[in-house]
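Chemist: This is the structure, below, for whatever I ask next.
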Amino acid sequence: MEQLEQFYDQLSSSYTELIRKCVPRYHEMLFNMFRYIPEDFKPGRILDLGCGTGNLTQQIQDHFPDAEIHALDLSEDILDECRKRFPNAKNIRYIKADFRQMNLQPNSYDLVMSSIAIHHIEDPFKIHLYQDVYKALSKNGLFIFADQTRGITDEIYKKNIACWKEEAIKLGSTEENWRMWMEHQDTHDHHSPVGWHLNQLENAGFGQVDLLSKYLMWGVFWAKKLRKNAEQTDPLRR
């Protein structure tokens with residue numbers, strides 16, 4: 001994970017521009033993360049897992065301006081870029097942490113969200129993360145995330161990557177940009193099929209799971225916690 005942290009440290013100042021040139025239908029994906037949230041759902045505390053430079057954080061802030069937002073990322077430089085984006089926001093707390101070692105406190109969040117970040121950890125750590133998020137959510141809490149997925153066959157996976165390149169070039173990515181992303185993918189990415197994610201979310205205890213939308217490799221997942229829990233606690237209390 002140290003190499004991954006260094007990669008994003010190096011990209012921190014240009015990450016927002018690069019991601020918009022790299023991910024097809026990026027804004028539509030972010031929109032779909034909020035489209036299905038009930039109008040009467042009013043989260044008091046929200047966790048943004050892998051906040052990056054704050055693209056998802058901005059959407060969370062716009063939709064839930066009264067909520068306490070915890071923006072978490074592995075890269076300190078990336079967190080600094082996120083801080084610059086919200087210089088006057090009193091409701092955002094920044095946390096430097098590794099997805100694999102968060103150990104979130106039970107019943108500490110009403111909503112957990114993540115955008116194109118979870119695939120950076122291997123499947124056993126994803127399983128632990130889903131269990132950790134489930135425990136951290138309050139009753140009827142939601143876990144909504146967008147991420148890259150693997151095709152159920154190698155043929156589908158390869159076709160998606162080929163189509164992704166075509167789309168990225170149309171969006172303004174260069175061949176150099178593409179080589180950089182592919183080198184990053186080969187070194188740091190761990191894609192899992194849609195069905196695998198849904199099964200593991202159910203295994204973690206979520207009572208409702210769904211795939212809200214998907215384009216090529218990018219899927220938007222929904223998971224709701226239905227079990228009764230105790231009162232909400234501070235997520236960082238040790």
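Chemist: If I filter the range 166-179 for residues that are in a loop (DSSP other than H, G, I, E, B), surrounded by 16 or more Cβ atoms within 10 Å (Cβ to Cβ) and in contact (Cβ under 8 Å) with a residue 24 or more places away in the chain, do I get at least one hit?
Modeler: From the range 166-179, those in a loop (DSSP other than H, G, I, E, B) are 172-174; that's our starting set.
Those left that are additionally surrounded by 16 or more Cβ atoms within 10 Å (Cβ to Cβ): 173.
Next, from what is left, pick out any that are in contact (Cβ under 8 Å) with a residue 24 or more places away in the chain: 173.
Yes: the range 166-179 contains one or more residues that are in a loop (DSSP other than H, G, I, E, B), surrounded by 16 or more Cβ atoms within 10 Å (Cβ to Cβ) and in contact (Cβ under 8 Å) with a residue 24 or more places away in the chain.
Chemist: Follow-up question, since we're still on this one. Among the residues of the range 90-105, write down those that are under 27 Å from R35 (Cα atoms) and open to solvent by 30 Å² or more (accessible area, probe 1.4 Å).
Modeler: Passing the criteria: K90, N91, R93, Y94.
Chemist: Would you point out the residue of the range 22-33, among those that are surrounded by 13 or more Cβ atoms within 10 Å (Cβ to Cβ) and not aliphatic (A, V, I, L, M), that is nearest to N177 (Cα to Cα)? Walk me through it before giving the result.
Modeler: So the first thing to find is which residues in the range 22-33 are surrounded by 13 or more Cβ atoms within 10 Å (Cβ to Cβ), and the list is 22-26, 28-33.
Add one more test, that the residue is not aliphatic (A, V, I, L, M), and what stays is 22, 24-26, 28, 31-32.
Numbers: C22: 8, P24: 14, R25: 18, Y26: 17, E28: 22, F31: 25, N32: 26 Å.
Only one residue fits best here, namely C22.
Chemist: Among D62, D77, which is open to solvent by 10 Å² or more (accessible area, probe 1.4 Å), free of Cβ contacts under 8 Å to residues at least 24 places away in the same chain, in a helix (DSSP H, G or I) and closer than 27 Å to A168 by Cβ? Break it down stepwise before answering.
Modeler: On the way: D77 fails: free of Cβ contacts under 8 Å to residues at least 24 places away in the same chain.
Being open to solvent by 10 Å² or more (accessible area, probe 1.4 Å), free of Cβ contacts under 8 Å to residues at least 24 places away in the same chain, in a helix (DSSP H, G or I) and closer than 27 Å to A168 by Cβ holds for just one of D62, D77, which is D62.
Chemist: Right, next: State all residues of the range 185-209 that are assigned to a helix (DSSP H, G or I) and either in contact with a His (Cβ under 7 Å, 6 or more places away or on another chain) or under 17 Å from E17 (Cα atoms) (or both); if no residue qualifies, say none. Lay out the reasoning, then the answer.
Modeler: Our first condition is that a residue be assigned to a helix (DSSP H, G or I); within the range 185-209, this holds for 185-188, 194-204.
Once the filter is applied, which keeps residues that are assigned to a helix (DSSP H, G or I) and either in contact with a His (Cβ under 7 Å, 6 or more places away or on another chain) or under 17 Å from E17 (Cα atoms) (or both), the range 185-209 yields only H188.
Chemist: What pairs come up if the first residue lies in the range 81-103 and is of a type in the set (K, R), the second is surrounded by fewer than 17 Cβ atoms within 10 Å (Cβ to Cβ) and modelled with pLDDT under 95, and their beta carbons are under 6 Å apart, counting only those six or more places apart or on different chains?
Modeler: K96/E76
Chemist: Then there is this: Residue by residue through the range 186-206, note down the ones that are modelled with pLDDT of 95 or more and open to solvent by 50 Å² or more (accessible area, probe 1.4 Å).
Modeler: H190, W196, N199, E202, N203
Chemist: In this structure, does K126 turn out to be crowded, with 18+ Cβ neighbours inside 10 Å, in a helix (DSSP H, G or I) and either touching a residue at least 40 places away in the same chain (Cβ under 8 Å) or out of contact with any Phe, Trp or Tyr (no Cβ under 8 Å at 6 or more places or on another chain) (or both)?
Modeler: Answer is yes for this residue.
Chemist: A follow-up question, please. Being open to solvent by less than 10 Å² (accessible area, probe 1.4 Å) and closer than 18 Å to H120 by Cβ is the filter here; which residues of the range 34-50 pass it?
Modeler: L47, D48, L49
Chemist: Looking at S114 and the list (1) open to solvent by less than 30 Å² (accessible area, probe 1.4 Å); (2) assigned to a loop (DSSP other than H, G, I, E, B); (3) polar (S, T, N, Q), which single condition is not satisfied?
Modeler: (2)
Chemist: For K135, indicate whether it is part of a helix (DSSP H, G or I), under 25 Å from Q208 (Cβ atoms) and open to solvent by 80 Å² or more (accessible area, probe 1.4 Å). So that I can check it myself, show each step before the final result.
Modeler: Values: part of a helix (DSSP H, G or I): yes; under 25 Å from Q208 (Cβ atoms): yes; open to solvent by 80 Å² or more (accessible area, probe 1.4 Å): yes.
Against the criterion (part of a helix (DSSP H, G or I), under 25 Å from Q208 (Cβ atoms) and open to solvent by 80 Å² or more (accessible area, probe 1.4 Å)), K135 qualifies.
The values are calculated or read from the model by the stated rules, or taken from the named source; none is laboratory data. All of these numbers come straight from a predicted model, not from anything done at the bench. FYI the Cβ positions are ideal-geometry reconstructions off the backbone, even for glycines, and counts take in every protein chain you see. Keep in mind that these areas ignore ligands, DNA and RNA; they rest on the heavy atoms of the full protein, side chains included. Shrake-Rupley method; radii C 1.70, N 1.55, O 1.52, S 1.80 Å.
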